[in-house]
1. If I go through the range 123-145 residue by residue, how many of them are open to solvent by 30 Å² or more (accessible area, probe 1.4 Å) and within 15 Å of the ligand (Cβ to nearest atom)?
2. Pick from Ala253, Ala258: which is within 16 Å of the ligand (Cβ to nearest atom), farther than 20 Å from His66 by Cβ, crowded, with 23+ Cβ neighbours inside 10 Å and small (Gly, Ala, Ser)?
3. Could you list, in sequence order, all residues of the range 146-185 that are β-branched (Val, Ile, Thr), away from the ligand (no atom under 16 Å from the Cβ) and open to solvent by 10 Å² or more (accessible area, probe 1.4 Å)?
4. Which of the residues spanning the range 70-96 are more than 12 Å from the ligand (Cβ to nearest atom) and among the β-branched types (Val, Ile, Thr)?
5. Could you please find all residues in the range 223-250 being among the β-branched types (Val, Ile, Thr) and either part of a helix (DSSP H, G or I) or buried (at least 21 other Cβ atoms within 10 Å of the Cβ) (or both)?
6. Give the number of residues within the range 297-306 that are open to solvent by 50 Å² or more (accessible area, probe 1.4 Å) and modelled with pLDDT of 95 or more.
7. Here is a list: Ala4, Ala54, Ala27. Which entry is away from the ligand (no atom under 15 Å from the Cβ), open to solvent by 50 Å² or more (accessible area, probe 1.4 Å), hydrophobic (A, V, I, L, M, F, W, C) and within 26 Å of Gly179 (Cα to Cα)?
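The values are calculated or read from the model by the stated rules, or taken from the named source; none is laboratory data. Please read these numbers as outputs of a predicted model, since none were measured by experiment. Methodologically, a virtual Cβ is constructed for each residue, glycine included, from the backbone with ideal geometry; neighbour enumeration extends over all protein chains shown. With ligands, DNA and RNA removed, areas are computed over all heavy atoms of the protein, side chains included. Shrake-Rupley method; radii C 1.70, N 1.55, O 1.52, S 1.80 Å.
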Amino acid sequence: MQRAAPQSFDRVLSSMCTQPHPVAREAAARFVATNPGDPATYQTVAALEEDALAYLGEMTGLSTPHGYIASGGTEANIQAIRAARNHARDDDPNVVAPESIHFSFQKAADVLGVELRTVPVDVDYRANVDAVREAVDDHTILVAGVAGTTEFGRVDPIPELTTVAHDVGALMHVDAAWGGFVLPFTDHEWSFAHAPIDSMTIDPHKFGQAVVPAGGLLFRDKEILDALAIDTPYLESTSQASLTGTRSGAGVASAAAAMRELWPAGYREAYETQQANAEWFYKELVARGYDAVEPELPLVAAPLPDSEFASLRDLGWRISRTASGELRVVCMPHVSRESLRAFLSDLDDVGSGRPQLY
Ligand SMILES: *Cc1c(COP(=O)(O)O)cnc(C)c1O
């Protein structure tokens, strides 16, 4: 029987996953049979997890990071809410977030029995601070903001949201699952260095170029991480804070290897290349008469007629849409200018008599 081959990344334009860096692949293969869920037994990979956390701390302005390498942003977000809930011990807890929050928050609210209150965003798709202030109350255990939204790549006003959260005694969480590896090279205020935020999600398996599964969960205070710990009678290690039990040493080792190789120069170069690609692609769409959304981070959204969207998919382009219907092009490290040119050429071929600006 023929061996199955994975998809090529040539025409993948809407995914937040990318080609892992070669050093990440190699480290993943070397550590595939280790379990960081039991660090007392698997000590080498446990030491790599400490390395990975130290890198994440450096990127996000946290000198003593507490946390772990999770299976992804979904687990990290669930765990941030779980930690806040366990810490607060409120009998009727709620979480307040902008409607641009990632769908993993719906899962978190469901499994944890916490009410999720989502509030409208402003005209530029960022959290509306006044709306968040109106939604919080004495039972709010956590306010979440997004630093790099999944649909439009927007950064919420994190310092202002942190003030709103702390005014009612809630914790402040920043979801930088996608944006965390590009934001250090921008002027945005998003990290532990910019505001007294309490926790953060940041995924090495997206812009960090680690292999899947590698997410990151960081806490400023050890006490909040400890609200996740449970006893583990039959392991060599005596307690565990992660949601998964056995977990992949491949993800942990690859995250450490990728960050050792790429932080900061390699990540800066990837950001600059892809931000330039996004701005170029945006201008090309606007020149063709599309009402595209200006990119703040390397992600371009643009309304596209159904027929054109379907034709481009038929041509093999792997593209998706926002909830409100816009095409999303995520300029991940594998996306080349050449591939964007080829996409535009196909768009011109399938375009239905759009006004051209010459
Ligand atoms: C991708 C993403 C997530 C979910 O992360 P997974 O690794 O897919 O579980 C959460 N939040 C944001 C902002 C994301 O972009």
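1. The qualifying residues number 2.
2. Every option except Ala258 fails the conditions.
3. Thr163, Val168
4. Ile81, Val95, Val96
5. If the condition is that a residue be among the β-branched types (Val, Ile, Thr) and either part of a helix (DSSP H, G or I) or buried (at least 21 other Cβ atoms within 10 Å of the Cβ) (or both), then Ile224 is the only one that fits.
6. Here the count works out to 1.
7. Checking each option against the conditions leaves just Ala54.
Residue-by-condition table, conditions (1) of a type in the set (Asp, Glu); (2) out of contact with any helix residue (DSSP H, G or I) (no Cβ under 8 Å at 6 or more places or on another chain); (3) under 25 Å from Ser71 (Cβ atoms):
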site: Glu99; (1), (2), (3): yes, yes, no
site: Phe103; (1), (2), (3): no, yes, yes
site: Gln106; (1), (2), (3): no, yes, yes
site: Asp110; (1), (2), (3): yes, yes, yes
site: Arg117; (1), (2), (3): no, no, no
site: Asn128; (1), (2), (3): no, yes, no
